[in-house]
Each structure stands twice: as C-alpha cells, then as structure tokens.
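The structure appears below as structure tokens.
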Amino acid sequence: MRAPTKVLVLNGPNLGRLGRRQPEIYGHTTYAELAHQCVEWGRELGLDVEVRQTNHEGELLDWLNAAADDVTPVVLNAAAWTHYSYALYDACAQLTAPLVEVHISDPTQRPEEFRHTSVVTPHAVEVVAGRGIDGYRIALGLLVTD
Ligand code: DQA
C-alpha cells in the first residue's frame, strides 16, 4: 500500500477565530473543528492532511517556501492577504504541486471592492469559494489524482 499523499491546508489571518468571527458570514464552525474535519476528510480521501493557521504573513511565506521545496500540494485560504500581498503572489508562483484556493465566503460577491482581486488565483488549479466549511472538503477532493 502506498503512503497517503501529504497535503498542507494553510489558513491566513483571523481564521483562528472561526466560529466567533462574524458568524453571519463565516458560520459557527470553530477553527479547531475545521482543522479536525480537514484531517478526517483527508483520511477518507487517502490524504495525510496537516492544517495550520497564522496571523503572521512571514510565517505563511515560510510554509509556502517549504511546500515549494518539498513539492507538497496546498489548500490555501490566505484570507485578507489574498487581496493585496505580492509576496504571497510570488510565494504561490514557486509552487509546482497543485494549489487550490479556498474561501469560506465568496469574496467576488461581497460588497468591498478590495475582495474582488486575488493574487492567489493566477497560480491555483481551482478556486472554491462560497461553499462554507465544506469548501475545504471539495478542495481536498480536487487533490486526489487516482
Ligand atoms: C475569506 C475571504 C476574505 O476576503 C477575508 O479577508 C477572510 C476570509 C473567506 O474565507 O471567505 O478573512 O478568505
């Protein structure tokens, strides 16, 4: 039997407060519950999922640089950095394994114009947005190749 494929699920700023943060937009699932779900969904899909969250942009860049070195597939919800970080654009550009962009809400349908731009999308094989927490399950499914 083959070892399960390693996948990183990386989450950007303020997502650690999921469940308490604007639940009318992001829902009531907590970050801990999301992380647990992602590992479970991964197991069902034959993936070895590691879930991380940071409020520090450099930390996310370090994780993406390591994913580039290790050729690790990434599911990325970069939260607000999605919309303006060119360092994030450059970090995503280096990835050679598939990158799936996820958003719990659909930023393109939200009133703030700054959310309508993504520096991640040009590098992503797919964007899953507006599907709530289930978007992470969909994103993981997209990384299953056989
Ligand atoms: C988000 C959407 C972003 O616009 C926002 O800054 C977030 C969360 C989402 O998951 O819907 O923090 O990425």
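The values are calculated or read from the model by the stated rules, or taken from the named source; none is laboratory data. Treat the numbers as computed from the prediction; the structure is a model and nothing was measured. Positions of Cβ are backbone-derived with ideal geometry, glycine not excepted, and every protein chain shown enters the neighbour counts.
Quick check on region 99-128: of everything there that is buried (at least 18 other Cβ atoms within 10 Å of the Cβ) and among the small types (Gly, Ala, Ser), which residue is farthest from the ligand (Cβ to nearest atom)? Filtering first and then ranking leaves ALA124.
If the condition is being in contact (Cβ under 8 Å) with a residue 60 or more places away in the chain and of a type in the set (Ser, Thr, Tyr), then region 18-61 contributes TYR26, THR29.
Is one or more of the residues making up region 75-93 closer than 14 Å to LEU8 by Cα, more than 10 Å from the ligand (Cβ to nearest atom), in contact (Cβ under 8 Å) with a residue 12 or more places away in the chain and surrounded by 14 or more Cβ atoms within 10 Å (Cβ to Cβ)? Within region 75-93, one or more residues are closer than 14 Å to LEU8 by Cα, more than 10 Å from the ligand (Cβ to nearest atom), in contact (Cβ under 8 Å) with a residue 12 or more places away in the chain and surrounded by 14 or more Cβ atoms within 10 Å (Cβ to Cβ). Here ARG43 meets each of (1) crowded, with 16+ Cβ neighbours inside 10 Å; (2) assigned to a helix (DSSP H, G or I); (3) in contact with a strand residue (DSSP E or B) (Cβ under 8 Å, 6 or more places away or on another chain) with one exception, condition (1).
For region 1-32, the candidate set comprises residues that are touching an Asp or Glu at 6+ places or on another chain (Cβ under 8 Å) and assigned to a strand (DSSP E or B); within that set, the residue that is modelled with the lowest pLDDT is THR5. Just to be sure, is LEU45 over 14 Å from the mean Cα position of the chain (by Cα) and away from the ligand (no atom under 16 Å from the Cβ)? For LEU45, the condition - over 14 Å from the mean Cα position of the chain (by Cα) and away from the ligand (no atom under 16 Å from the Cβ) - is met.
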